[in-house]
Amino acid sequence: MASTNQKRLDFEQIQGLVFSGYPKCASACYVLLRVEDVAKARHWLGTLVSNVTFGETSHPSSALNVALTSSGLKALGLDKEALETFPLEFQEGLAQDDDAYRPRILGDVGGSAPSHWSWGSPEKRVDLVLMLFAHGDTELERQLEAHQRNFSGALSEVHLIRTANLPDRREHFGFVDGIAQPKIQGQTGGDQGDTVRAGEFILGYENEFEKIPNAPTARGWDLGQNGTFMVVRQLEQDVEAFWQSMAHYAREASGGEDKVRAEWLAAKCIGRWPNGAPLMKTWDRDDPKFNDENDFMYKDDPDGLKCPIGAHIRRSNPRDSLEPDEKASLKATNRRRILRRGRAYGPPLERYAKETSRRERGLVFICLNTNIRRQFEFVQQSWINNDKFDGLNQDQDPIVGDQKPGEGSVFTIPHHPLRFRLPGLQRFVHVRGGAYFFLPSRAALEFLSRLEGETRAPRIASSAATPPMLNRGAT
Amino acid sequence: MGIGVSHFEEIRRGAPKARESGGPQSEPVASPAVIHDATLTGSALTVIVPIRAGEEWVQELRKVLTGESGESRDGKAGKSSKDAKAYRDGLRKKFDQLETVHFMRWVILPPASASKQSLLAFESNYDGSLDDHLNDLYRIAPKFLHDVYSCCEGYPLASSGFDGARDRAAAKAFLTKKEHMLPYAAFYVSRRKKPARQIRDEAAIHDAIQTFLDSLGPNPAKTLGEADAPYDKIIEYLTRAKPAELERLRNSPRKNPHRNYLSLGWRLGPLALAVLAGFVPLWIALRRRETTDAEDAYGTMPAKALKLVEREDLQVQNQLTHLVEVKPGRFRLLTLRTVLWAIDVLARYRYTEGDLGGLTTIHYARWVLIDDGDDGKRLLFFSNYDGSWERYLGDFIDQAHVGLTGIWSNTNGFPKTFGLIGAGAKDEERFKAWTRAHQIESDLWYSAYGHLTTRNVWNNNAICDGIVTRPATAKKRERWLSLL
């Protein structure tokens, strides 16, 4: 994938979330905001820039990032002409009317339709997200309070999500998460392993088509350069239903209680064992030797006897398994990668446990890409929710698919001599909120904070207005 | 008031089917043998006729095709799109009774220039002879067709009702007129197709087997036994539960034709030699044009895309209608014709295994050249494919950009090319924007098996092959079980 004319990454301009999920920050929260007073909001943004985490810092113990929706850009006074240079899907936003196109292709239907969301729907509009990261809860709360004081009067809080730090990088179903992540070309110098051109994740650089991606402009100025697009979706996980279902199918398959079979079924659904060992390395029983292993392809397993075609990790990154051949598949797949930066939220629940009063838990799915339509939406529509994925007949992603409300979906586990099949699969992951954000560069943030509006003359940001304690977030 | 209205109202209100088959205007329902020439499957028919002059006829026609009234000319408020959807569902239900059709669509094409009329394009992929197909259409939807073509110029029955066999002959003659029935310039069929009826039958057999297996729990092998034992049990079940379907299956054609490289070389060889011989002057002529030809100004998606997507991804299959002017001058037209001819030969003799240069999701696709007289020529593209538009265009770029650039680089606004087949479609965002900009909404589109992908069709076919002929060895029967 090496390219001779690659441009050096402008680390000082690119928000730090692009390069790191901040593993040293155990605590995080996402504050979803709406602009109330344009002039004050611009001023607040101007003072914030010096606290934003940029560049490839060596995993800070505290960080801050900020991103805006199209309504946020509009609210700050970005003119129509400039807004129209943004991609259509960003202009429209993630949430539309329940029966519109985007909810349909993304599976945001039934109880997951935008009208039921806690935030991000047209009624619960979000303009901006403030993402705070700290090494511990006390520190996080301290920062949060300071920021709340700062933005009060300028912006109002639509929703606040505090993330949860589950042990061993696990998500709520109990599986180690975030193993397979593409590396950004130019981030660490060398081109080792799963490296993808920077233009797939950062605007202003060459992408996998060897082109500089289209970027938004304002008054002839490249607003996109060193920025990117961020998808945030709050996904509630029904842990109880998931493990009860697996136990139920295991009972049906074995004719009695069978926890080993239940875990086997769950692993087949995911494509990895709970500790992270991929089925492609060990397909019938867990083997800790392969935990976190990511060096595998699917070419030995065209029928899915090891890792089912419809398994979650195989659909969300098919690697070499798509038609017409391995080489073409890898090329096509690399043009649909996303950087995942999500975190869990809500209290954990033990496997097979039953809850008398249900508490919300799940994943704040966050991904970065330069082309939402070609990357995030494609993966969600053509791989995850596509019941015909790679020759399948009526299977959706057993973990995160929408399972066709009203029609029901199945999950097929190829096996000798006959397939296992789980009919009437229910939906385990429900959408509770979300939005498409623009994650601007340092220069773009400054530009936005200086926009002139209909209300007042421009106010130039001054770092003197920043409370000193907030400088912790700066790099 | 236009002629289509009575019929429109009838379908919208959900009039009982009996009126169509038993009413005074209808013809006797055809004998079961709709298809007389069973050797023909999936042929292409393209009929393009001018719509009667005046915007009101275009409006009227759109109403007959989509159920949407753009404006209310009879004083009533515009129909809600819910009504329109019910209307289209009604039409689709009616079309489900067709025996000869795989796919068909009607699209209103914009006029070539201000002084010209809009055109109505119809395409279908059909089984049997052309006459079998047209009779089938008029057997199932005579009034609908009459209403559609009453909006078109030169339709002989425009001022009368539609009455029986005599009028059917006149209508058929109108559609098949030389100036109306256009040949395709290139045509692709995903693997020599089975008849539509057989495709549906085989899907039903597949579904029956799956339902049977599901009834035995998540692990049916526990009941049916190990190794190849389940094979015979499944056949036993089908013999018991689906005897009629099984009988029909045994009588269906089972062989697939093979590609013919000899014929391919014989056809493309002379072209290759001619191009080689004239390479230098051709190259100079081409490069001169490539450096000066303008590409469309937009690099980003036109807002029109937002309207087009509303009618996409309603089922696994999708359609694309694309219309763009051929660049002026004889050089481009000749180049385009040559490339299309070569693609057509390749599609016929090389890409016969369901793989058009790496594209496996296309059921049928065709290019047709429309002659607009002094306004030049336009290139029309119809495709019936699986999955999302984004996936389809992605496949174009990832797998087939060479061939597609070879074709569309001869049309207006196409992204800059190098040497006819270089660059062009590889410019991802620009190519997608260009495609959307020249895409036309298909007013009425029908698929006889909209829930099946090409791979579903082939897999069901392979399953049924193994039902008709018992795989010879235990190993082969086990292999067959893995198809499920």
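The values are calculated or read from the model by the stated rules, or taken from the named source; none is laboratory data. Everything numeric here is computed off the predicted structure, so don't read it as measured data. All Cβ positions, glycine included, derive from the backbone under ideal geometry; neighbour counts span all protein chains shown.
If only residues of the range A:363-401 that are surrounded by fewer than 24 Cβ atoms within 10 Å (Cβ to Cβ) and among the charged types (D, E, K, R) are counted, the one that is farthest from A:PRO274 (Cα to Cα) is A:ARG373.
Could you list, in sequence order, the residues of the range A:296-308 that are surrounded by fewer than 22 Cβ atoms within 10 Å (Cβ to Cβ) and either within 20 Å of A:HIS172 (Cα to Cα) or in contact (Cβ under 8 Å) with a residue 60 or more places away in the chain (or both)? Matches in the range A:296-308: A:ASP303, A:LEU305. Against the conditions (1) touching a strand residue (DSSP E or B) at 6+ places or on another chain (Cβ under 8 Å); (2) in a helix (DSSP H, G or I), A:VAL66 satisfies every one except (2). Of the helices (runs of 4 or more DSSP H) lying entirely inside the range B:204-289, those containing at least 2 residues that are away from every other protein chain (no Cβ under 14 Å) and surrounded by 11 or more Cβ atoms within 10 Å (Cβ to Cβ) span B:229-241, B:243-250, B:261-277.
I need a count of the residues in the range B:458-483 that are within 29 Å of B:GLU312 (Cα to Cα) and within 11 Å of chain A (Cβ to nearest Cβ).
As a first pass, look at the range B:458-483 and keep what is within 29 Å of B:GLU312 (Cα to Cα): B:458-461.
Next, from what is left, pick out any that are within 11 Å of chain A (Cβ to nearest Cβ): B:458-460.
Counting residues in the range B:458-483 that are within 29 Å of B:GLU312 (Cα to Cα) and within 11 Å of chain A (Cβ to nearest Cβ) gives 3.
Residues in the range A:414-429 that are within 7 Å of another protein chain (Cβ to nearest Cβ) and more than 17 Å from B:GLU478 (Cα to Cα): A:ARG421, A:LEU422, A:PRO423.
B:LYS193 fulfils the conditions (1) within 12 Å of chain A (Cβ to nearest Cβ); (2) within 24 Å of B:ARG248 (Cβ to Cβ); (3) not in a helix (DSSP H, G or I) except for a single criterion, (1).
Residues in the range B:377-406 that are over 19 Å from the mean Cα position of the chain (by Cα) and among the aliphatic types (A, V, I, L, M): B:ILE397, B:ALA400, B:VAL402.
Here is the figure for the range B:427-456: residues that are of a type outside the set (Phe, Trp, Tyr) and within 11 Å of another protein chain (Cβ to nearest Cβ) total 13.
Candidates B:SER129, B:SER118: the one that is in contact with a Pro (Cβ under 7 Å, 6 or more places away or on another chain) and touching a residue at least 24 places away in the same chain (Cβ under 8 Å) is B:SER118.
Scanning the range B:290-301 for residues that are surrounded by fewer than 10 Cβ atoms within 10 Å (Cβ to Cβ) and either among the small types (Gly, Ala, Ser) or touching a helix residue (DSSP H, G or I) at 6+ places or on another chain (Cβ under 7 Å) (or both) returns a single hit, B:ALA297.
Here A:LYS404 meets the list (1) in contact (Cβ under 8 Å) with a residue 60 or more places away in the chain; (2) more than 9 Å from every other protein chain (Cβ to nearest Cβ); (3) under 29 Å from A:SER121 (Cβ atoms); (4) not β-branched (Val, Ile, Thr) almost entirely, failing just condition (1).
So that you can scan it fast, the table gives a plain yes or no per residue for (1) crowded, with 22+ Cβ neighbours inside 10 Å; (2) without any contact (Cβ under 8 Å) to a residue 60 or more places away in the chain; (3) touching an Asp or Glu at 6+ places or on another chain (Cβ under 8 Å); (4) of a type outside the set (Lys, Arg):
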residue: B:GLU390; (1), (2), (3), (4): no, yes, yes, yes
residue: B:ASP395; (1), (2), (3), (4): yes, yes, no, yes
residue: B:TRP408; (1), (2), (3), (4): yes, no, no, yes
residue: B:THR417; (1), (2), (3), (4): yes, no, yes, yes
residue: B:ASP427; (1), (2), (3), (4): yes, yes, no, yes
residue: B:GLU441; (1), (2), (3), (4): no, no, no, yes
residue: B:THR454; (1), (2), (3), (4): yes, no, yes, yes
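Would you confirm, using the coordinates I've provided, whether B:LEU119 is buried (at least 22 other Cβ atoms within 10 Å of the Cβ) and over 30 Å from B:GLU353 (Cα atoms)? Yes; evaluated as a whole, the condition is true for this residue. Collect the residues in the range B:178-224 that are under 30 Å from B:ARG337 (Cα atoms) and of a type in the set (Asp, Glu), keeping them in residue-number order. Residue satisfying the conditions is B:GLU179 alone. Out of all the residues in the range A:102-112, is one or more in contact (Cβ under 8 Å) with a residue 12 or more places away in the chain and among the polar types (S, T, N, Q)? Among the residues of the range A:102-112, at least one is in contact (Cβ under 8 Å) with a residue 12 or more places away in the chain and among the polar types (S, T, N, Q), which makes the answer yes. Apart from one condition, A:ARG261 fits all of (1) surrounded by fewer than 18 Cβ atoms within 10 Å (Cβ to Cβ); (2) under 30 Å from B:LEU216 (Cβ atoms); (3) within 11 Å of chain B (Cβ to nearest Cβ); (4) among the basic types (Lys, Arg); the exception is (1).
Within the range A:321-357, restricting attention to residues that are among the acidic types (Asp, Glu) and away from every other protein chain (no Cβ under 14 Å), the residue that is nearest to the chain's Cα centre (by Cα) is A:GLU350.
Here is a yes/no grid of residues against (1) surrounded by fewer than 23 Cβ atoms within 10 Å (Cβ to Cβ); (2) of a type in the set (Val, Ile, Thr):
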| position | (1), (2) |
| --- | --- |
| A:SER115 | yes, no |
| A:LEU130 | no, no |
| A:THR138 | yes, yes |
| A:LEU144 | yes, no |
| A:VAL196 | yes, yes |
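Within the range A:391-405, the set of residues being out of contact with any helix residue (DSSP H, G or I) (no Cβ under 8 Å at 6 or more places or on another chain) and not hydrophobic (A, V, I, L, M, F, W, C) comprises A:GLN394, A:GLN403, A:LYS404. Counting residues in the range A:231-242 that are closer than 24 Å to A:ASP303 by Cβ and buried (at least 24 other Cβ atoms within 10 Å of the Cβ) gives zero. Quick check on my filter: what residues within the range A:370-397 are closer than 16 Å to B:ASN318 by Cβ and in a loop (DSSP other than H, G, I, E, B)? Once the filter is applied, which keeps residues that are closer than 16 Å to B:ASN318 by Cβ and in a loop (DSSP other than H, G, I, E, B), the range A:370-397 yields A:ARG373, A:ASN385, A:ASN386, A:ASP387, A:LYS388. Of all residues in the range B:205-219, none satisfies being within 30 Å of the chain's Cα centre (by Cα), free of Cβ contacts under 8 Å to residues at least 12 places away in the same chain and over 30 Å from A:SER254 (Cα atoms). Looking across the range B:144-190, the residues that are of a type in the set (Ser, Thr, Tyr) and in a loop (DSSP other than H, G, I, E, B) come down to B:SER150, B:TYR155, B:SER159, B:SER160, B:THR176, B:TYR184, B:SER190. Just to be sure, is A:ALA247 modelled with pLDDT of 95 or more and either in contact with a helix residue (DSSP H, G or I) (Cβ under 8 Å, 6 or more places away or on another chain) or among the aromatic types (Phe, Trp, Tyr) (or both)? So A:ALA247 passes the test. Taken over the range B:290-327, the criterion of being away from every other protein chain (no Cβ under 14 Å) and modelled with pLDDT of 95 or more is satisfied by B:GLN319, B:LEU320, B:THR321, B:HIS322, B:LEU323, B:VAL324, B:GLU325, B:VAL326, B:LYS327.
Scanning the range A:87-108 for residues that are surrounded by fewer than 21 Cβ atoms within 10 Å (Cβ to Cβ) and part of a loop (DSSP other than H, G, I, E, B), we see that the one that is nearest to the other protein chains (Cβ to nearest Cβ) is A:ALA100.
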